[in-house]
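Below: one structure, written as structure tokens.
The values are calculated or read from the model by the stated rules, or taken from the named source; none is laboratory data. It should be emphasised that the depicted structure is a prediction, and the values quoted were computed from it without experimental measurement. Cβ placement follows ideal geometry from the backbone for every residue including glycine, while neighbour counts extend to all protein chains displayed. Surface accessibility is based on the protein's heavy atoms, side chains included, excluding ligands, DNA and RNA. Shrake-Rupley method; radii C 1.70, N 1.55, O 1.52, S 1.80 Å.
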Amino acid sequence: MTRNETTWEGGGSPFAIGAKPLGMWLFVVSDALTFSTMLMVYTYSRLANPHWPAPFAFSPSIVQATVMTFVLLSSSLTMVWAVDAMKRDDRRKTVQYLSATMFLGIVFIVIHMREWVHLINDEHITLTANPWNQPLFGATFFGLTGLHMAHVTIGVVYLGIVALGTRMGKFKTDHVETSGLYWHFVDLVWMFIFPMVYLMSVKR
Amino acid sequence: MSFLSRYIFSTNHKTIGIQYFVLALTAALLGTALSVLMRLHLTYPEAKIRLFEILWPNAAAGGVMTPELYLSLMTMHGTIMVFFVLTTVPQGGFGNFFLPLQIGAEDMAFPRINMLSFWATALAFLVLCSAFVVEGGAPLAGWTAYPPLSAVGSIAGPGMGKGMTLWVVSIALFCAASLMGAINFITTILEMRTRGMSLFRMPLTCWAWLVTALISLFAFAVLFAAGILLLLDREAGTSFFLPAGLVINDRILDRKGGSPLLWQHLFWFFGHPEVYIAILPGMGVVSTVLSVFSRKPVFGYRAMVWAMLAIGFLGFLVWGHHMFISGMSPYSSLAFSVLTLAIGVPSAVKTFNWLGTILGGRLHLETAMLWALAFVSVFVTGGLSGIALGQPALDMYFHDTYFVVGHFHIIMGVAAVFSILAGTFYWWPKMTGRMLSETLGRVHFYVTFLGVYAVFIPMHFAGIVGNPRRYSDFGQFEFLKDVQGLHKFITHAAFLTAAVQLLFIFNLIWSLYRGKKAGDNPWNATTLEWLPPSHQPHIVVRGAYDYSVPGARRDFLMQNESNGQ
Amino acid sequence: MKNATGIWALLLGLTLAEVALAYPSLAPAVFLLVLLALSVGKSALIIAFFMHLRFASRALTLALFPILIALILLLLGFLPDAQRVMHAA
Ligand code: HEM
Ligand SMILES: [Cu+2]
């Protein structure tokens, strides 16, 4: 019997990762298509409207967005450490790293909110209107970043639940690993939003 | 266990399967009732009908429907049938009940998510139905909800305010529920098969559920994004789907920059795969039923699997065939046309394999088998009109005529419903422990089978004459005078077909109390759901269709039977 | 663990490179392609090392990604129609 036959013939997990992480992977793949659709709508809107604005000044917008990227990447690092600690069965460390991840997530949200407020108050860019009379600029910007921020917020709550469950000894490695997949995915989506939304519209 | 946790918020896959089944049966009755009212108005547009006035004192004052009321009934009919019947029973209903049994698993991989997806579906249905009672009534935009009119609010007509918003919310909820369901199905099939149940020993029903779940995983992800954007356009004043310079009901809109075509792309990127979500599980059921009642293995099992995978993938490449008249580049039309016709190849593989399965078999014409045979018949009929529609030159003419209505009712509506009925007659003994009446079943079958052909074939003729769809009254068109008689005939055939469905409902209820008790394996089938309940996991040693194996002690070998002697 | 920190530093570096590239005023199409290439590279690193796909079975990768990538590319089919938007006179 070849290796292929044994892994696929039932009675076990063919991918050797267990049901929960596989379920999360499937969610991630599906959600990736949702985000891709949003990015394609954004691209479509930009192509359809030739005089697309480029309002993001180096300071504060690009600096802030770069810092946000660093924050999110760092939160992924602490998340990796959390999963690692859990694999060593070090629950105390796991909870600490999870808390650090949540903290960085909240920092991301706070900076992002400041960025939004700055754009709305100082640059007069809202969901439906802006100085360049290109309503879809705000619509796509707030639509994309808003959907992403919703994911980060849900992620913070989700990690909170996982941290609690881990501390009370209810959750196993599976749970932490699965929440990690979600968190890294949210990070990954930002790796597309940051360049496509911000860097493609820098004010030179 | 309390009543609540046992029957309402149950995480048991069988209970959830039944819940989906009952929800969809309710939806099907409502959807059918709406279609009867629509036909009544279409055929007698001027008649004063008391029933309309009772139901809609304003929109049918004096007993005559307004065109808007007609369109709202049409919208609700389509939405209910496509989403809450055809997408719900074959996957959520049969799939939940039988998938774990067939692969020898204890339950689905995520029972709580399973419960959640059922209740989200039920909530979505309630939200949709509530559109009937809010101010302005139900939306008018059809099941495809094309902007701009679907995106601008109540100035586009009654029902396009609150009613349309409820429609979008309902569909978004439905997307979320379907995604959860899809994740559950795929994980269950990949991770929970019992020992020996290799992928290529699975019954074709399981393969069909797997492919359907994969399609759902991606198609609903796109529709979900589209739904959010439409909601933003409606409620937050954005203009993703609204171009500049629109004048609606004598008012100039101050939106700009968007494109209604973008919605068409997004919707049909979901929409065409959706039609396969509706029909693939049925193909699985039909393959199994044909094999069981011919006492022969499925012809070309592997080809059947590959054909389903090919259909699933190709289904994503052809969305443009719904947009031939949108003014797309002729080169795009050509590409979409060729890809569309290419789906005919795996479809033909399946059809010939079904014929190969029954060829030379010992046919047992029980009602389940009759439905499965009828499925093959309507699938071929509908596929042929599809080939006509897949030619851009012909579709320029046929688009938005009754020809399209005939096509998709035959191939999506009727074929999927026939497979659901085949599944119901085949699995009812397992679900309830009792048999359905064969006599009632046969009467129901013959009338329905002839009835649907009598309803939907003439629609093709009306379409060839040029009869447009989504009109509430053809009376004032000189060129349609000749098809009035045809429409009358269609309506009467539809009433008869709808009425005979009551016989089916009666059969279900009668069987629950009076039906003959079924044994464990009334059809002498081979798959694991027909084994008596056991706490030991079954160990599978053979494929799903070992009928009439030479030298075996009887004409079928269950999947866990090691030796035929 | 060392590994993860290294990847993290690499990701930060790539981010800085993206920002730096935004200022020499490249042609938009060129810039977009460069950015997309870098982003795909970054997500590959995240998927492979943070999400541990590199250490999971090859079958999982094959099951998840080819279809997703194909479908994302298909979405490009919307774009030709972007030219056909009505603009007010
Ligand atoms: C060889 C197979 C098929 C071909 C070539 C085909 C082709 C087409 C084409 C070109 C249209 C667009 C007509 C128009 O709007 O002008 C169409 C509409 C439609 N088809 Fe098919 N089709 C096929 C099979 C199917 C199947 C298997 C289903 C469902 C199970 C299906 C369901 C539908 C539906 C629901 C519509 C109408 C959508 C609407 O406008 O509301 N088709 N088909
Ligand atoms: Cu289609």
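Per residue of A:190-198, what is the mean number of Cβ atoms on other protein chains within 10 angstrom of that residue's Cβ?
Per residue, the average neighbour count from other chains is 5.
Equivalent-ellipsoid semi-axes (√(5λ), Cα gyration tensor) for the protein assembly as shown, whole Å, largest first?
Semi-axes, largest first: 44, 38, 23 Å.
I need the per residue convex hull volume for the range B:241-391, using only the alpha carbons, in cubic angstrom as a whole number.
Per-residue hull volume (Cα only) is 128 Å³.
Report the rotationally averaged projected area of chain A based on its alpha-carbon convex hull, in square nanometres.
Details: hull surface 56.2 nm².
Averaging across all directions leaves 14.1 nm² for the Cα convex hull.
Percent relative contact order of chain A, based on C-alpha pairs within less than 8 angstrom and at least six residues apart? Let's see the in-between values first.
Numbers: 188 pairs, mean separation 64.7, N = 204.
It rounds to 32 percent for chain A.
Across 5 Å bins from the origin, how do the percents of Cα pairs in the range C:1-55 run, short distances first?
Histogramming the range C:1-55 at 5 Å steps yields 4, 19, 25, 20, 14, 9, 6, 2 percent.
Provide the three semi-axes, in whole Å and in decreasing order, of the ellipsoid equivalent to the range B:507-547 as defined by the square roots of 5 times the Cα gyration tensor eigenvalues.
27, 13, 7
Kirkwood-based Rg over Rh for the range B:71-209 (C-alpha set), two decimals?
The Rg/Rh ratio comes out at 1.12.
So for the range B:421-478, what percent of the C-alpha to C-alpha distances run longer than 20 Å? Could you put the intermediate results ahead of the total?
Numbers: 867 of 1653 pairs.
Summing the P(r) of the range B:421-478 above 20 Å gives 52 percent of all pairs.
Given the convex hull over the Cα atoms of the range B:1-108, what projected area results after averaging over all orientations, in nm²?
Dividing the Cα hull surface by four gives the mean projection, 8.7 nm².
Give me the compactness ratio for the range A:116-204, meaning the Cα radius of gyration over 2.2 N^0.38 Å.
So the Cα radius of gyration is 1.45 times the expected 2.2 N^0.38 Å.
Report, in deg cm²/dmol and to the nearest 500, the calculated mean residue ellipticity at 222 nm for chain C, where each DSSP H run with n ≥ 4 adds -39500 (n - 2.57) and the sum is divided by the residue count.
-21500 deg cm²/dmol
Per the Cauchy relation, a quarter of the hull surface: what is the mean projected area of the convex hull of the alpha carbons in the range B:191-255, in nm²?
About 7.4 nm², averaged over all directions.
If you place +1 on the Cβ of every Lys and Arg and -1 on the Cβ of every Asp and Glu, how big does the dipole about the Cα centre of the range B:222-337 come out, in debye to the nearest 20?
On the way: 7 positive and 5 negative charges, 97 e Å.
Approximately 460 debye in magnitude.
Taking only protein heavy atoms into account and a 1.4 Å probe, give the accessible area per residue of chain C in Å².
Working: 4610 Å² over 89 residues.
Computed with neighbouring chains in place, this is 52 Å² per residue.
Calculate what fraction, in whole %, of the accessible area of the protein assembly as shown sits on carbon and sulfur atoms when a 1.4 Å probe is rolled over the protein chains.
Ligands and nucleic acids excluded, carbon and sulfur reach 68 percent.
Helix B:438-465 versus the longest principal axis of chain B: what angle, 0 to 90°, nearest 10, using Cα atoms?
In chain B, helix B:438-465 runs at an angle near 40 degrees to the longest axis.
Taking a spot 7 Å from the Cα of B:Glu235 along the direction of its beta carbon, which residues of the range A:131-152 have an amide N less than 15 Å from it?
So the set is A:143, A:147.
Rounding to the nearest 10 and keeping the result within 0 to 90°, find how far the Cα-based axis of helix B:162-191 lies from the longest principal axis of chain B.
20 degrees
Work from the charge dipole of the protein assembly as shown (Cβ charges, +1 for Lys and Arg, -1 for Asp and Glu, about the Cα centre) and give the residue of B:Thr238, B:Ser329, A:Val28 farthest towards its positive end.
With unit charges placed on the Cβ atoms, the residue in question is A:Val28.
Please report the buried accessible area for the interface of A with C, total over both chains, probe 1.4 Å, in Å² to the nearest 100. Provide the component values of the computation, followed by the final result.
Numbers: alone 11220 and 7430 Å², together 14350 Å².
Roughly 4300 Å².
Kirkwood hydrodynamic radius of the range B:321-413 from all distinct Cα pairs, in Å? Before the final figure, lay out each step's value.
Details: mean 1/r = 0.0676 Å⁻¹.
One decimal place: 14.8 Å for the Kirkwood radius.
Round to a whole angstrom and tell me the spacing of the C-alpha centers of the range B:363-426 and the range B:59-120.
Answer, in whole Å: 20.
Report, in debye and to the nearest 20, how large the dipole of chain B comes out about its Cα centre when Lys and Arg carry +1 and Asp and Glu carry -1 on their Cβ.
In debye, rounded to 20, chain B gives about 1300.
B:Ser130 versus B:Leu309, label points 7 Å from Cα toward the beta carbon: distance in nm?
For B:Ser130 paired with B:Leu309, the spin-label model returns 4.4 nm.
I'd like the Kirkwood hydrodynamic radius of the range B:459-549, using the inverse of the mean 1/r over distinct C-alpha pairs, in Å.
Taking every pair of different Cα atoms in the range B:459-549, averaging 1/r and inverting gives 18.9 Å.
So who's got an amide H within less than 5 Å of the one on B:Phe556, skipping anything under 5 residues away but keeping other chains? H placed 1.01 Å off N, in plane.
B:Ser548
Out of B:Met164, B:Ala176, B:Thr205, whose Cα points farthest toward the positive end of the dipole of the range B:153-267 (charges: +1 Lys, Arg; -1 Asp, Glu; placed on Cβ)?
Most positive-ward Cα: B:Thr205.
Could you tell me the relative contact order of chain B? Use alpha-carbon pairs under 8 Å, at least six residues apart, and round to a whole percent.
14 percent
At q = 0.17, 0.21, 0.31, 0.34 Å⁻¹, what is the log10 ratio I(q)/I(0) for the range B:30-71, with the Debye formula run over Cα points and no solvent?
For the range B:30-71, the Cα-only Debye profile gives -0.37, -0.57, -1.20, -1.33.
Whole number please: convex hull volume per residue of the Cα set in the range B:447-498, in Å³?
Considering the Cα atoms of the range B:447-498, their hull volume per residue is 73 Å³.
Do any residues of the range A:124-141 show a loss of at least 20 square angstrom of accessible area between the isolated chain and the full protein assembly, using a 1.4 Å probe, and if so which?
In the range A:124-141, residues shielded by partner chains: A:Leu127, A:Thr128, A:Asn133, A:Pro135, A:Leu136, A:Ala139.
Charges on Cβ only, +1 for Lys and Arg, -1 for Asp and Glu, centred on the Cα centroid of chain B; of B:His409, B:Leu266, B:Ser437, which one is farthest towards the dipole's positive end?
With unit charges placed on the Cβ atoms, the residue in question is B:Ser437.
Restricting attention to the range B:33-99, which GluC sites (Glu not before Pro) occupy a DSSP loop and are surrounded by at most 12 other Cβ atoms within 10 Å?
B:Glu46
Give me the distance between the Cα centres of the range B:167-244 and the range B:530-565, rounded to whole Å.
Between the Cα centres of the range B:167-244 and the range B:530-565 lies a distance of 34 Å.
Kindly report, to the nearest 10 Å², the accessible surface of B:His492 as traced by a 1.4 Å probe over protein heavy atoms only.
In the full protein context, B:His492 sits at about 90 Å².
Multiply the residue separation of B:Phe200 and B:Asp250 by 0.36 nm, subtract the distance between their alpha-carbon atoms, and state the gained length in nm to one decimal.
Length gained, B:Phe200 through B:Asp250: 11.8 nm.
Whole angstrom only: what separates the Cα centroid of the range A:70-107 from the Cα centroid of the range B:492-523?
Here the answer is 58 Å between Cα centres.
To the nearest 10 square angstrom, how much accessible area does B:Tyr20 have with a 1.4 angstrom probe?
Only protein atoms counted, so the area is about 20 Å².
Return the subset of A:Lys93/C:Lys42; B:Lys162/B:Lys256; A:Lys20/A:Lys87; A:Lys20/B:Lys430; A:Lys170/C:Lys42 for which the Cα-Cα distance in this structure is over 25 Å, preserving the input order.
Where the Cα-Cα span goes over 25 Å, the pairs concerned are A:Lys93/C:Lys42; A:Lys20/B:Lys430; A:Lys170/C:Lys42.
Report, to two decimal places, the Cα Rg of the range B:407-565 normalised by 2.2 N^0.38 Å (N = number of residues).
1.50
Ignoring everything but the protein chains, give the 1.4 Å probe accessible area of B:Met396 in square angstrom, nearest 10.
Solvent-accessible area, nearest 10 Å²: 110 Å².
Convex hull over the alpha-carbon atoms of chain B: what's its volume per residue in Å³? All intermediate terms of the calculation are to be shown ahead of the outcome.
Values: hull volume 87.3 nm³, N = 565.
Here the figure is 154 Å³ per residue.
What FRET efficiency, computed as 1/(1 + (r/R0)^6) with R0 = 22 Å and r the Cβ-Cβ distance, is obtained for B:Val447 and B:Gln484, rounded to the nearest 0.05?
E between B:Val447 and B:Gln484, to the nearest 0.05, is 0.30.
Might you tell me the accessible area per residue for chain B, computed with a 1.4 Å probe and given in Å²?
Roughly 37 Å² per residue, with all protein chains present.
Counting protein heavy atoms only and a 1.4 angstrom probe, how many square angstrom of accessible surface do chains B and A bury in total, to the nearest 100?
Approximately 2900 Å² gets buried when B meets A.
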